[in-house]
Amino acid sequence: MHIYRHSDVLLSQLSELIPKTIGLVPTMGALHKGHLSLIEKAVSENDWVIVTIFVNPTQFDSNTDLVNYPSNLEQDLELLSPFGEKLMVYTPRADDLYGEKAVAGSYQFDILEKTMEGASRSGHFQGVATVVHKLLSVFKPTKAYFGEKDYQQLQIIHALVAQLKLPVTIVDCPIVRETDGLAMSSRNTRLTPIQRAIAPVIYETLCKAVALKKQTSILQINEWVTAFFREHPHIELDYFCVANNQTLQLVEETNGEENLRAFIAVKLGEVRLIDNVKF
Ligand code: AMP
């Protein structure tokens with residue numbers, strides 16, 4: 001495993017290796033098995049794999065959230081070391097990617113960035129698109145790997161690549177969950193023991209919503225989820241919705257469609273968690 005702070009050093013090393021295929025796995029660190037599943041897939045499909053560990057400032061609308069984002073580089077490198085020689089880890093400072101001032105670019109994603117996370121976190125997807133565009137342009141990977149855990153982000157990245165005709169294949173990777181169903185997330189480490197114990201209710205709610213779809217309308221499922229969390233002493237619901245799995249247009253009636261997905265975002269104290277399932 002090789003570790004780089006500067007992209008030009010990584011690129012000059014890479015040019016000597018003349019790889020046929022390069023996999024890219026962008027992360028913000030505080031790695032867990034969800035991240036590792038992306039890296040395993042990338043390692044199995046490419047000559048070389050670049051894992052980036054970078055907490056991207058332009059995708060945070062709140063400085064508190066940015067400052068509180070968990071980070072543990074030493075532990076991350078330990079988790080990555082079993083992947084061995086094929087791995088290049090890029091852990092830059094912001095100026096290596098952004099120059100003097102980290103500012104987001106300007107992209108048009110319409111509904112994709114206005115709904116759900118976009119409605120709750122102003123400018124978030126402009127920041128995500130900016131950093132992913134930079135990483136794809138600098139490293140020119142054959143394939144780049146992203147998790148369905150951040151399903152809306154994944155659709156934004158598909159749109160970015162299609163709009164700019166970037167020569168890369170985006171690989172969608174399934175959500176990895178804890179044994180009790182909670183979707184793995186770096187933010188889970190910030191939950192108190194009590195919050196962690198009740199957090200599986202997020203996935204349970206999504207599963208119940210799917211089970212209810214045969215007997216009731218999406219509108220009623222929405223009402224049930226809202227009422228359920230209104231009574232919940234520890235969890236605040238930000239949104240629950242069902243949407244088309246590509247356009248992310250909200251849907252109120254199923255009409256037997258197969259291409260739907262249910263999404264949820266909640267807050268447990270200060271910790272905001274998201275999840276989604278096929279609906
Ligand atoms: P992050 O470090 O949170 O920005 O995540 C880096 C990548 O890992 C993103 O593509 C995420 O969607 C993906 N990821 C995070 N958690 C999971 C998970 N539980 N299962 C699958 N992929 C995940």
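Most mobile of Gln108, Gln155, Gln215 per a Gaussian network model of the chain (Cα springs, under 10 Å)?
Answer for the Gaussian network model of the chain: Gln215.
Simple spin-label model, 7 Å along Cα-to-Cβ: Gln13 to Glu85 in nm?
1.4
Could you list the trypsin sites (Lys or Arg not before Pro) in segment 74-178 that lie in coil according to DSSP, counting only those with at most 16 other Cβ atoms within 10 Å of their Cβ?
Sparse-neighbourhood loop trypsin sites (Lys or Arg not before Pro): Arg93, Lys101, Lys165.
State, to one decimal in nm, how far the label point of Glu257 lies from the label point of His158, with both points 7 Å from Cα in the Cβ direction.
Modelled inter-label distance: 1.3 nm.
Ignoring ligands, DNA and RNA, what accessible area per residue does the chain give at 1.4 Å, in Å²?
Heavy-atom accessible area per residue stands at 48 Å².
With every protein chain kept in the model, how would you rank Ile194, Ile264 by accessible area, 1.4 Å probe, largest at the top?
Details: Ile194 110, Ile264 0 Å².
Descending order: Ile194, Ile264.
When a/c is below 1.5 the answer is rounded, else prolate if a/b is larger than b/c, else oblate, so apply that to segment 168-229 with a ≥ b ≥ c taken from the square roots of the Cα gyration tensor eigenvalues.
Because a/c hits 1.5 or more and a/b fails to exceed b/c, segment 168-229 counts as oblate.
When the expected Rg is taken as 2.2 N^0.38 Å, what fraction or multiple of it is the alpha-carbon Rg of the chain?
On the way: Rg = 19.2 Å, N = 279, 2.2 N^0.38 = 18.7 Å.
Against the compact-globule rule of thumb, the ratio is 1.03.
Give the shape of segment 1-116 as rounded, prolate or oblate, defined through the alpha-carbon gyration tensor: a ≥ b ≥ c are the square roots of its eigenvalues, a/c under 1.5 means rounded, and otherwise the shape is prolate if a/b is larger than b/c and oblate if not.
Judged from the Cα gyration tensor, segment 1-116 comes out prolate (a/c at least 1.5, a/b above b/c).
Given Cβ point charges of +1 (Lys, Arg) and -1 (Asp, Glu) and nothing else, what value in debye, to the nearest 20, does the dipole of the chain about its Cα centre take?
160
In a GNM of the chain with a 10 Å cut-off on Cα contacts, which of Thr58, Thr192, Thr115 has the highest mean-square fluctuation?
Thr192
Kindly provide the helix-only [θ] at 222 nm of the chain, computed as the sum of -39,500 (n - 2.57) over DSSP H runs of four or more divided by all residues, to the nearest 500 deg cm²/dmol? It would help to have the intermediate numbers written out before the result.
On the way: 12 runs with 112 residues, N = 279.
Result for the chain: -11500 deg cm²/dmol, rounded to the nearest 500.
Of all beta bridges DSSP finds with both residues in the chain, what is the antiparallel percent, to the nearest 5?
50
Please give the contour-minus-distance gain from Glu231 to Asp172: 0.36 nm per residue of separation, less the Cα-Cα distance, rounded to one decimal in nm.
On the way: separation 59, 0.36 × 59 = 21.24 nm, distance 3.55 nm.
Roughly 17.7 nm would be gained on extension.
With a cut-off of at most 12 other beta carbons within 10 Å, and DSSP calling the residue loop, which GluC sites (Glu not before Pro) in segment 37-107 qualify? Please list them.
Here the sparse-neighbourhood loop sites are Glu100.
Quick one: if the Förster radius is 30 Å, what FRET efficiency do Gln75 and Thr192 give, using the C-beta to C-beta distance and rounding to 0.05? Provide the component values of the computation, followed by the final result.
On the way: r = 21 Å, r/R0 = 0.69.
Calculated value: 0.90.
Roughly speaking, to the nearest percent, how much of segment 2-173's 1.4 Å accessible area is carbon and sulfur?
Working: 4130 of 7930 Å².
Reported share for carbon and sulfur atoms: 52 percent.
Between Leu250 and Lys278, what is the label-point separation in nm under the 7 Å Cα-to-beta-carbon projection?
The two pseudo-label positions are separated by 2.5 nm.
Pull out a ≥ b ≥ c, the square roots of the eigenvalues of the alpha-carbon gyration tensor of segment 52-179, then state rounded if a/c is under 1.5, prolate if not and a/b is larger than b/c, and oblate in the remaining case.
Judged from the Cα gyration tensor, segment 52-179 comes out rounded (a/c under 1.5).
Leu260's amide H: which non-local residues (gap 5+, or another chain) put their own amide H closer than 5 Å, with H modeled 1.01 Å from N in plane and none for Pro or chain starts?
Asn245, Phe279
For segment 19-33, in order, what is each residue's ³J(HN,Hα) by Karplus, 6.51 cos²θ - 1.76 cosθ + 1.60 with θ = phi - 60°, in whole Hz (x at glycine and Pro)?
Computed from phi, the couplings for segment 19-33 are x, 7, 9, 10, x, 10, 10, x, 9, 10, x, 6, 5, 9, 5 Hz.
Return the loop-located GluC sites (Glu not before Pro) in segment 179-279 (DSSP other than H, G, I, E, B) with at most 14 other Cβ atoms within 10 Å of their own Cβ; answer none if there are none.
Values: sites: Glu204, Glu223, Glu231, Glu236, Glu252, Glu253, Glu257, Glu258, Glu270; in loops: Glu231, Glu252, Glu253, Glu257, Glu258, Glu270.
Of the GluC sites (Glu not before Pro), the ones in loops of segment 179-279 whose Cβ has at most 14 other Cβ atoms within 10 Å are Glu231, Glu252, Glu253, Glu257, Glu258, Glu270.
Once you have the Cα-Cα distance between Thr216 and Lys101, take 0.36 nm times their residue separation minus that, and quote the gain in nm to one decimal. It would help to have the intermediate numbers written out before the result.
Details: separation 115, 0.36 × 115 = 41.40 nm, distance 5.11 nm.
In short, 36.3 nm is gained.
Give me the percent of accessible area attributable to carbon and sulfur for segment 186-273, probe 1.4 angstrom.
51
Among the lysines, which have Cα under 24 Å from the Cα of Lys114 when same-chain residues fewer than 8 positions away are ignored?
Lys134, Lys149, Lys165, Lys267, Lys278
The values are calculated or read from the model by the stated rules, or taken from the named source; none is laboratory data. None of these values were measured; they are calculated from a predicted model. Every residue, glycine among them, receives a Cβ derived from its backbone with ideal geometry; neighbour counts consider all protein chains shown. Only protein heavy atoms, including side chains, enter the accessible area calculation; ligands, DNA and RNA are left aside. Shrake-Rupley method; radii C 1.70, N 1.55, O 1.52, S 1.80 Å.
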